[in-house]
Amino acid sequence: MAFKHRNRSFRKVLVKLTNSVTTHYKKRNPAKAQCGRCGKELHGVPRARAVVLRNLSKTKKRPERPYGGVLCSKCMRETMITKARAY
């Protein structure tokens, strides 16, 4: 039995087999992506490990807008307005 996986960094997943139920240990997902300015949760950014993200297409990894995956939409709008005013 894999005793090295019996700790809090792995989550327990109960798996039904034909005659019994066993416990599998899976790595936990990372924390939710946060806005770099206000700290709000970013929508459209998947909460998955790097192994899973590697197989996703670029458009599924973050929103297709300026600062997508870095700033939330509200902070992005404010940033764009202040940059436009600077010119």
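Rule-based calculations on the coordinates, nothing more; no lab input. Values in this document were obtained by computation on a predicted structure and should not be read as measured data. Because the Cβ atoms are built from the backbone with ideal geometry, glycine has one as well, and the counts that use them run over all protein chains shown.
At-a-glance table
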| quantity | calculated |
| --- | --- |
| Selection from A86, G44, L17, by position along the positive dipole direction of the chain (Cβ) | L17 |
| Helical mean residue ellipticity (222 nm; -39500 (n - 2.57) per DSSP H run of 4+; nearest 500) of the chain | -7000 deg cm²/dmol |
| Theoretical gain in end-to-end length, K74 to K61 [0.36 nm per residue, Cα-Cα removed] | 2.7 nm |
| Whole-number D in µm² s⁻¹ for the range 3-86, Kirkwood Cα-pair radius fed into Stokes-Einstein, 20 °C, 1.002 mPa s | 135 µm²/s |
| Rough spin-label spacing in nm, given labels placed 7 Å along Cα→Cβ, for R11 and H24 | 1.4 nm |
